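The values are calculated or read from the model by the stated rules, or taken from the named source; none is laboratory data. These numbers were taken from a predicted model, which means no experiment stands behind them. Don't worry about glycine lacking a Cβ; one is built from the backbone with ideal geometry, like all the others, and counts go over all protein chains shown. Calculation scope for accessible area: heavy atoms of the full protein, side chains included, ligands and nucleic acids excluded. Shrake-Rupley method; radii C 1.70, N 1.55, O 1.52, S 1.80 Å.
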Amino acid sequence: MSKLKKLTGRTLFLPIFCMLLVMCANIIYDAACGNFALNFFTISIQNGVLYGRLIDILNRGSEIAILAVGMTLVVSASAGTDISVGSVMSLAASFCCMLLAGFGVSSTNELQMPLIVGLLAGVLMGCLCGTFNGFLVAYLDIQPMVATLILYSAARAIGLLLCNNLIVYIRNDSYAVLGKFIGPVPTPILVAAACVIIALIVLKKTALGLYIQSVGINKRASRIAGLNSRKIILMCYIVCGLCAGIAGLVNSSRITSADSNNIGLSYELDAILAVALGGNSLGGGKFNLIGSIIGAYTIQAITTTLLAVGVSTDVAPVYKAIIVIIIVAVQAPAVKDYFSRQSAKRAAAKARG
Amino acid sequence: MNKKFAAMAVAGAALCMAAIPVSAEEGNLVIGFAQVGHESDWRTASTKSCQDVFSAENGYDLQFVDCDNDPQVQIEAVRGFIEQDVDYIIIDPIQATGWDQVLTECEDAGIPVIVIDRTIDDSDKYVSWVGSNFKTEGLAAGEWLKAYAEAKGITEINALVIEGSTGASATLGRTEGFKEIADANGWTILDSQNGDFTQVGGQEVMESYCKSYEGQFNVVVCQNDNEAFGAMDAMKAAGVTYGVNGDVILISFDACTAGLEFVKSGDINADFECNPLAAPFVEEVIKQLEAGEEPAKEVYMEEHWFVNEDILASITVEGAEQPLTVVTDEIIEAQY
């Protein structure tokens with residue numbers, strides 16, 4: 001009993017529990033259809049690459065997971081969200097493809113410059129956007145949502161301009177490196193894992209995580225305590241932009257083209273949702289990065305499950321909404337309090353009885 | 001850099017022209033065109049078609065406004081045209097509703113309105129609508145598949161459909177048309193899911209299909225070319241062969257240049273065009289109006305059906321015989 005309590009008391013218990021619950025829906029579905037019950041969880045090697053629904057979740061969820069890293073920091077430090085990440089993804093991808101293909105070229109087999117230069121430029125463009133957002137928020141004290149609204153609407157349009165209003169196709173296998181496979185493993189999984197691990201190491205091994213949280217809890221107090229609050233907020237936005245840049249390149253590399261209209265479309269909402277599903281407060285302060293990452297894969301697990309179950313496309317968003325409402329409600333402080341009061345009452349009754 | 005600057009200058013000039021009254025060359029017909037935006041290659045081709053047909057050499061004076069997907073801007077653009085007292089107004093409506101008032105203003109001013117591509121649902125105060133018949137496209141895909149399967153001796157059809165964005169008229173029409181033929185011939189449509197008209201969407205849906213219906217399907221229908229590219233990626237990764245020499249017949253819609261390249265290489269078996277070049281048909285309507293005739297309320301554009309193999313010459317769609325075009329380099333070159 002006390003062991004169970006210890007388990008359920010962990011901060012990450014609910015996010016993980018919700019993710020598992022979503023996946024378990026598939027066991028019931030497969031069993032009901034007369035398939036092998038663990039179909040959803042089977043991983044095999046087919047055609048030389050890893051194959052299975054779980055791999056799909058990890059693979060397709062990569063962009064959201066990468067975005068969630070940056071978004072978590074931004075939410076924590078500035079008690080606001082960066083709604084420009086989807087558009088910045090598009091801009092980074094467009095900039096990279098424009099450099100690789102040359103301006104105004106809609107389809108190319110030859111790269112105009114080394115691949116690494118294009119990729120770095122794309123990532124740098126992401127950082128630049130992050131710097132812009134961060135400057136507005138940290139130094140001009142503009143509300144995060146208003147500040148990032150600028151690039152939310154402008155970045156995608158700039159991307160379109162860079163691509164001369166065309167979809168730029170790069171028909172060169174080297175550009176597919178970020179979106180396809182390295183050996184049997186889909187590259188996006190590795191990129192996401194690298195981003196998460198680097199972020200975790202930096203946050204755990206340095207005092208940075210602590211600084212960000214303290215700035216998020218009380219900006220003035222942190223400054224009086226000797227922290228440069230503005231600089232820390234600026235840095236969080238730069239990291240967020242960096243993550244958006246990387247996510248944009250991964251998404252673009254999947255399709256080996258820059259489709260500026262569609263890359264990262266409404267990804268900012270999924271990234272914010274991932275942070276919330278991970279049990280983080282959008283009011284800033286304390287954060288749990290792993291929670292956000294689990295939130296990101298939970299969103300993808302829902303999408304993949306709906307596809308696997310074959311829910312009609314007209315009603316799929318409704319199911320998605322219902323599942324999200326349940327997950328968020330279960331983690332709401334009021335609901336948590338209610339359950340802990342109930343169990344306390346039971347314990348008290350037991351003690352009396 | 002120069003090009004970009006030029007593009008901006010042109011856009012600026014277009015805006016200025018929309019704002020000031022027109023001093024048209026004597027005898028030229030003045031035409032106002034409120035375009036949706038410039039979000040895709042298809043849209044760009046549509047704009048260019050209008051600019052080519054309604055040029056000064058052809059005796060027209062085109063007032064072009066790019067509304068950048070903003071319905072408010074579009075309505076203001078139409079009001080601007082009324083102010084300028086243009087001869088004809090062409091609208092590609094961003095939204096299907098909210099038009100009655102401004103179209104009434106056009107009617108009061110005595111300016112005929114021609115709607116292209118997308119439809120207006122809440123008003124009939126326009127002369128003609130010129131666009132694609134998406135259902136016919138779906139029917140054509142079905143009829144082609146029927147004839148192709150017969151020619152190849154395929155008796156059983158198990159199809160998977162990757163739909164476009166939910167509720168889009170192209171999605172509804174293409175789904176309805178293809179399903180009609182499928183039902184009539186007893187084909188099985190195993191599943192039909194939303195790929196959002198994007199390549200990533202196509203990849204994700206096909207990835208899931210490959211697992212849910214492993215070895216059960218022999219036809220994949222993608223409702224635009226981008227989805228077909230995504231489906232090809234996913235099938236390649238799963239080791240499923242497709243196209244002319246593969247196990248799976250791949251059908252696509254739109255037939256943009258990039259799509260036709262894959263038809264030529266045999267990766268896509270057949271591609272059903274959605275014609276963006278509305279301007280010649282609009283000009284036809286305007287000529288009828290100038291001659292005092294009454295044009296048809298709905299004008300459907302001629303569209304082409306592109307295939308890789310030269311085994312069928314034509315198909316019969318809704319009782320009419322329609323030719324199939326085998327894709328060559330010249331055809332790709334000529335496509336938008």
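The shape of region B:112-253 can be summarised by an equivalent ellipsoid whose semi-axes, obtained from the alpha carbon gyration tensor, come to 30, 18, 12 Å from longest to shortest. In this structure, the amide hydrogen of B:VAL130, modeled 1.01 Å from its nitrogen in the peptide plane, lies closer than 5 angstrom to those of B:VAL115, B:ILE116, B:ASP117, B:VAL299, counting only residues at least 5 positions away or on a different chain.
Solvent exposure of B:ASP92, expressed as accessible area, is near 0 Å², computed with a probe of 1.4 Å over the protein chains only. Under a Gaussian network description of chain A, with springs only between Cα atoms under 10 Å, the residue in A:THR131, A:THR108, A:THR313 that fluctuates furthest is A:THR313. The figure for A:TYR29 is an accessible area of roughly 80 square angstrom, using a 1.4 Å probe on the protein chains alone. Residue by residue, region A:233-248 carries 3J(HN,Hα) couplings of 5, 4, 4, 4, 5, 5, 4, 4, x, 4, 4, 4, x, 4, 4, x Hz when phi is fed to the Karplus relation 6.51 cos²θ - 1.76 cosθ + 1.60 (θ = phi - 60°); x denotes Gly or Pro.
In sequence order, region A:217-222 has phi-based couplings of 6, 8, 5, 5, 4, 5 Hz under the Karplus curve 6.51 cos²θ - 1.76 cosθ + 1.60, θ = phi - 60°, and Gly or Pro positions carry x.
Counts of other chain beta carbons within 10 angstrom of each beta carbon in peptide B:231-237 average 3.
If the protein assembly as shown were replaced by its equivalent ellipsoid, with semi-axes equal to the square roots of 5 times the Cα gyration tensor eigenvalues, what would those be, largest first, whole Å? Kindly include the intermediate steps, with their values, before the conclusion.
Working: eigenvalues 425, 223, 117 Å².
Equivalent ellipsoid of the protein assembly as shown: 46, 33, 24 Å, largest first.
Calculated translational diffusion coefficient of region A:140-296 (20 °C, 1.002 mPa s; Stokes-Einstein with Kirkwood radius over alpha-carbon pairs) equals 121 µm²/s.
As an exercise, identify the GluC sites (Glu not before Pro) in region B:146-175 lying in DSSP coil whose Cβ has no more than 16 other Cβ atoms within 10 Å. It would help to have the intermediate numbers written out before the result.
Working: sites: B:GLU150, B:GLU156, B:GLU163; in loops: B:GLU156.
Counting only loop positions with at most 16 other Cβ atoms within 10 Å, the GluC sites (Glu not before Pro) in region B:146-175 are B:GLU156.
Please give the calculated 222 nm ellipticity per residue for chain A, where each DSSP H segment of at least 4 residues contributes -39500 (n - 2.57) and the sum is spread over every residue; nearest 500 deg cm²/dmol? Let's see the in-between values first.
Numbers: 15 runs with 241 residues, N = 353.
My calculation for chain A gives -22500 deg cm²/dmol from helical runs alone.
Comparing region B:248-336 with the 2.2 N^0.38 Å rule of thumb, its C-alpha radius of gyration ratio is 1.30 (two decimals). The residues of region A:50-332 have, on average, 37 Å² of accessible surface per residue, using a 1.4 Å probe with all protein chains present.
Using a 10 Å cut-off on Cβ to Cβ distances, tally the other chain neighbours for every residue of B:194-200 and report the average as a whole number.
5
Of the residues A:LYS231, A:LYS3, ranked by 1.4 Å probe accessible area with the largest first, the sequence reads A:LYS3, A:LYS231. For B:ASN224, the residues 5 or more places off, or on other chains, whose built amide H falls under 5 Å of its own are B:PHE253. Dividing the Cα radius of gyration of chain B by 2.2 N^0.38 Å, with N the residue count, gives 1.08. Summarising the overall dimensions of region B:25-166 from its C-alpha atoms, the Rg and Dmax are 19.4, 65 angstrom.
Among the lysines of chain A, pairs that are 8 or more positions apart or on different chains and have alpha carbons within less than 16 Å of each other number 7. If you wrap region A:50-332 in the convex hull of its Cα atoms and look at it from every side, the mean projected area works out to 15.1 nm².
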